[in-house]
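To start, the structure under review is shown below, and the notes come after it.
The values are calculated or read from the model by the stated rules, or taken from the named source; none is laboratory data. Note that the structure is a prediction, hence the values are computed from the model and not measured. Neighbour counts are summed over all protein chains in view; Cβ atoms, including those assigned to glycine, are modelled from backbone coordinates with ideal geometry.
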Amino acid sequence: MQGGPEQETTTDERHSSRVAFEVNDARRELTLDNRTTLLDTLRERLGLIGAKKGCDHGQCGSCTVLLDGRRVKSCLILAVTLDGRSVVTVEGLAGPDELSPLQAAFVAHDAFQCGYCTPGQICSARGMLDEVARGWPSAVTGDLTAPAELTDAEIRERMAGNLCRCAAYPHIVAAVRETATTR
């Protein structure tokens, strides 16, 4: 049995989409398999290897990036949903010749050991600090009518979605606290 024109389309064409989005202030247009995650697109198609593939289930936070200014776990985002959106990875946080204040604080406080989770931790911290600046409460915020006080408990709660197997948590909290006070 011969098919009509719809059968002339290859499997790849039927299961892919053209997507235009911004990554680290650069416009990107890609044809992607509809099942491809943002994490795989960043690492395999765009060569941005800062975001790491840890658990591939959204549980460890190693793949955290900023999507339209909000932190997301890129292993859970389908890349075809990015049309017209903006992504910032750890590579996009700094200028060409210097680290961002948050990255510099991570170095100064030795807030990493193996470094595997560090890009996700830094992107999550950037998003978390923006959430605090917008007045968003967390589960441990005491007074919902007052600006959140960024205590160590508040920082730990807000960063809870990012795991560090080396247990550099006290250093991560110190780096985030320093960055928050110098903003």
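Residues of the stretch 158-177 being in a loop (DSSP other than H, G, I, E, B) and within 14 Å of G127 (Cα to Cα), which ones? Steps first, please.
So the first thing to find is which residues in the stretch 158-177 are in a loop (DSSP other than H, G, I, E, B), and the list is 159-168.
M159, A160, G161, N162 - these are the residues of the stretch 158-177 that are in a loop (DSSP other than H, G, I, E, B) and within 14 Å of G127 (Cα to Cα).
Pull up the stretch 24-63, narrow it to residues that are outside any loop (DSSP other than H, G, I, E, B) and among the acidic types (D, E), then point me to the one that is farthest from C164 (Cα to Cα).
To start, the set of residues in the stretch 24-63 that are outside any loop (DSSP other than H, G, I, E, B) comprises 26-33, 37-45.
If we keep only those that are among the acidic types (D, E) too, we end up with 29, 33, 40, 44.
Numbers: E29: 34, D33: 31, D40: 21, E44: 24 Å.
Looking at the filtered set, the residue picked out is E29.
Can we say R165 is among the charged types (D, E, K, R), under 23 Å from L76 (Cβ atoms), within 19 Å of the chain's Cα centre (by Cα) and at pLDDT below 95?
Working: among the charged types (D, E, K, R): yes; under 23 Å from L76 (Cβ atoms): yes; within 19 Å of the chain's Cα centre (by Cα): yes; at pLDDT below 95: yes.
Yes, satisfied.
Return only the number of the condition from (1) surrounded by fewer than 19 Cβ atoms within 10 Å (Cβ to Cβ); (2) closer than 22 Å to R43 by Cβ that Q121 does not satisfy.
(1)
Which numbered condition trips up L78, out of (1) of a type outside the set (S, T, Y); (2) farther than 12 Å from L42 by Cα; (3) surrounded by fewer than 21 Cβ atoms within 10 Å (Cβ to Cβ)?
Only one criterion is unmet by L78, namely (2).
Output the residue which, of all residues in the stretch 111-157 that are among the hydrophobic types (A, V, I, L, M, F, W, C), in a loop (DSSP other than H, G, I, E, B) and touching a helix residue (DSSP H, G or I) at 6+ places or on another chain (Cβ under 6 Å), is farthest from T182 (Cα to Cα). Outline the logic, then answer.
Of the residues in the stretch 111-157, the ones among the hydrophobic types (A, V, I, L, M, F, W, C) are 111-112, 114, 117, 122-123, 125, 128-129, 132-133, 136, 139-140, 144, 146, 148, 150, 153, 155.
Right, trim to in a loop (DSSP other than H, G, I, E, B) and you get 111-112, 114, 117, 136, 139-140, 144, 146, 148, 150.
Checking the rest, the ones that are also touching a helix residue (DSSP H, G or I) at 6+ places or on another chain (Cβ under 6 Å) come to 111-112, 139-140, 148, 150.
Details: A111: 17, F112: 21, A139: 24, V140: 23, A148: 16, L150: 13 Å.
Within the stretch 111-157, the match that is farthest from T182 (Cα to Cα) is A139.
Is there a residue being at pLDDT 95 or above, among the basic types (K, R) and crowded, with 20+ Cβ neighbours inside 10 Å anywhere in the stretch 84-98? Before you say what the answer is, go through the steps one by one.
So the first thing to find is which residues in the stretch 84-98 are at pLDDT 95 or above, and the list is 84-93.
Now drop any that are not among the basic types (K, R), which leaves 85.
From what's left, crowded, with 20+ Cβ neighbours inside 10 Å: none.
No, the stretch 84-98 contains no residue that is at pLDDT 95 or above, among the basic types (K, R) and crowded, with 20+ Cβ neighbours inside 10 Å.
Any residue that is touching an Asp or Glu at 6+ places or on another chain (Cβ under 7 Å) and either farther than 20 Å from D152 by Cβ or not assigned by TED's automatic domain parsing to the domain that holds E157 (or both) - is there at least one of those in the stretch 31-38?
Within the stretch 31-38 (the criterion being touching an Asp or Glu at 6+ places or on another chain (Cβ under 7 Å) and either farther than 20 Å from D152 by Cβ or not assigned by TED's automatic domain parsing to the domain that holds E157 (or both)), the answer is no, since none of the residues qualifies.
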